[in-house]
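See below for the structure under consideration.
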Amino acid sequence: MKRSWFLLAFVAIAAVALLLVRPFSLAETGDVTVAVSSASGAPGEEVTVTLSVTENPGLRAISFTLDYDSDLLTPVSAAYTDGFGDDYATEVVLDNDPIIFNRIFRSTVTATGAFATVTFRIDGTASAVTPLTLASRGDAGWTLLDGVSAAPLTTESGTVTIQAPAALSFTLSARSGDDDATVRLYPASLSDAEIRADLAAGERTLTASVQKGAITSSGGRFTQRISLSGALPGSCKLAVSKPGKHAPRVLPVTLSGSELDLGEIVLLLYGDVNDDATVNAKDALQISRCAAGKSSVFGSTSDADFESYRLFAAVVISGGSSPNAKDALQISRYSAGKSSVFDRFS
Ligand SMILES: [Ca+2]
């Protein structure tokens, strides 16, 4: 194990402590307990775990190690949490296996909670659960209570779950034959509106890789097989957009280790609520009927996600959850070649 200057400082403090040692029992002092959290991620991702002090009868100095499987994980960074105590000296030896943590406080700290964080890069390529194991350094003397009493360190280990990368595929059906679809995956926690904003700005990094097949034309539709691989398993949202006044579509998906085939994903043009490739008075009529509570094309399929998307494609001006007369008017204006809200859509 790597030795450091810090060890000398620690030994000095421990020696002073031992000179002043007074009889103590665990019943009087209690154990110090440090726990490391668990995390999960896909190969190539970085995951961060938190080290917390969960039992603290009064710490003056602490030294412990965090062991990990270096075949599966590579430490990237580590940092002590600010505000835990008044630091006299701190050290993390990251380029050591196991990682060494040393921290001395100016005065006794009785706080519990987050103590430090460590970020690992996942290098393993297969599904696995790999342990993160905390251990006291040397004997119990490395954890000092009130600067004078040595106490045993109790540890609670964690794990890093390495998830097999997931894949999905679908057939995109749209109204233009250009190979210009944007396909991205987003965290399920983001709202559809946030995702559409990012689709336009392209600020988030895409972890999955996208493969696109050839485009074929049939019956006024252009279809293209699209696959994503190397995605993080779990719940997320798939977002698909295309220029040419197509309304961007966001779908919730749940990915696992096996490839998910979503079948056909239809993109509508903004305003083309009857999905006939033309935005005209027929669409305006359907919107007017919907706004009046009459039967219409809205809700005509059993695909709840598509019907929600059809509503989104209809609310070109109102922006609400269901279209109104203003939306119908804009469609009529666009259909008549007049200026309209459609001028905003690329
Ligand atoms: Ca139409």
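Tabulated results
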read-out	value
Gain on full stretching of the segment that runs from Glu46 to Thr117 - 0.36 nm per residue minus C-alpha separation	24.3 nm
Cut-off under 5 Å, modelled amide H: who pairs with Leu232 long-range	Ala166
Residues whose placed amide H lies under 5 Å from that of Gly271, excluding near-sequence neighbours	Ala314
Normalised alpha carbon radius of gyration of region 272-346 [divisor 2.2 N^0.38 Å]	1.01
Overall Cα dimensions of region 175-319, principal axis frame, Å, largest first	46, 34, 29
Amide H contacts under 5 Å for Val253, placed H, 5+ residues apart	Cys236, Lys237, Leu238
Net lengthening on full extension, Ser127/Ser169 (0.36 nm per residue, minus Cα-Cα)	13.0 nm
Where only C-alpha atoms are counted, convex hull volume of region 48-184 per residue in Å³	155
Share, in percent, of DSSP beta bridges within the chain that are antiparallel, nearest 5	85
Fewest-first ranking of Asp97, Asp327, using other Cβ atoms within 10 Å as the exposure measure	Asp97, Asp327
Residues Thr133, Thr110 arranged by fewest to most Cβ contacts within 10 Å	Thr110, Thr133
Label-to-label distance, nm, for residues given as Ala193 and Thr216 (7 Å Cα→Cβ offset)	4.0
Span-rule helices in the chain, defined as complete DSSP H runs reaching 18 Å or more along the axis (Cα) with Kyte mean at least 1.0	5-19
Proxy reagent accessibility, fewest Cβ within 10 Å first, across Asp86, Asp272	Asp86, Asp272
Full-stretch length increase - Ser70, Ala281 - with 0.36 nm per residue and alpha-carbon distance subtracted	69.4 nm
Calculated diffusion of the chain, Stokes-Einstein form, Kirkwood radius summed over Cα pairs, 25 °C and 0.890 mPa s, µm²/s	100
D (Stokes-Einstein, µm²/s), Kirkwood Cα radius, region 36-125, 0.890 mPa s at 25 °C	178
Most mobile listed residue (Leu260, Leu190, Leu232) in the chain, GNM with C-alpha springs under 10 Å	Leu190
Cα-based equivalent ellipsoid, region 168-239: semi-axes from gyration tensor eigenvalues, Å	23, 14, 10
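Readers should treat all values here as calculations from the given coordinates under stated rules, not as data from a laboratory. What you are looking at is a predicted structure, and each value in this text was computed from that prediction instead of being measured. FYI the Cβ positions are ideal-geometry reconstructions off the backbone, even for glycines, and counts take in every protein chain you see.
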